[in-house]
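To keep things clear, I will list the structure first and then write my remarks on it.
Nothing in this text is a laboratory measurement; each read-out follows from the coordinates by a stated rule. Here the structure is a predicted model, which means the values were calculated and not measured. Positions of Cβ are backbone-derived with ideal geometry, glycine not excepted, and every protein chain shown enters the neighbour counts.
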Amino acid sequence: MPGFTSADELLNEFATELRQHTYGISSFTQPKVTLSPLRAESVVTLLDGAAVRVELSGRGYTALAINQANVVPGNQAAVVPSEAFELLTGLLMAVSPEFQRAMHSHLYAKLLALSDSEPAPEPSGSDPVT
């Protein structure tokens with residue numbers, strides 16, 4: 001994970017990543033920056049109702065805590081991973097099976113849209129060589 005040179009750069013990175021993952025999360029709070037050490041925090045509410053306090057720093061994305069008070073009954077309890085992740089996607093996949101399913105559905109829909117938009121191959125004028 002590259003080091004951030006300013007609070008604006010850190011905040012921009014975090015806010016962009018959060019917006020790009022709305023297909024697999026319920027909501028998130030606007031990231032708040034701390035200058036010393038330079039880091040930002042946001043609370044991300046997962047599709048199952050768990051609220052994850054996420055930090056972005058020079059180490060990467062880290063889950064600081066998970067509040068499972070609003071988790072839908074029957075869903076698997078999320079565990080706070082001990083490692084930092086280079087991408088928000090990795091962290092969300094580690095803490096949420098619901099995010100994993102949503103991401104797979106999102107990617108599948110994108111692939112279908114791409115395959116629908118590609119023109120059909122032209123039939124060749126010659127028979128294949130046998």
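For the range 35-41, putting each phi into the Karplus relation 6.51 cos²θ - 1.76 cosθ + 1.60 with θ = phi - 60° gives couplings of 7, 10, x, 5, 7, 9, 10 Hz, in residue order, rounded to whole numbers and with x for Gly and Pro.
Between Val33 and Arg53, the simple label model (points 7 Å from Cα in the Cβ direction) yields a spacing of 2.1 nm. Annotation: peptides 93-101, 5-13, 49-57, 36-44, ranked by per-residue average of other Cβ atoms within 10 Å with the highest first, follow the order 49-57, 93-101, 36-44, 5-13. Using a simple spin-label model with pseudo-atoms 7 Å out from Cα toward Cβ, Ser115 and Ala65 lie 4.5 nm apart. Net charge in the neighbourhood of Asn67 (other residues with Cβ under 13 Å of its Cβ; Lys, Arg +1, Asp, Glu -1) is 0.
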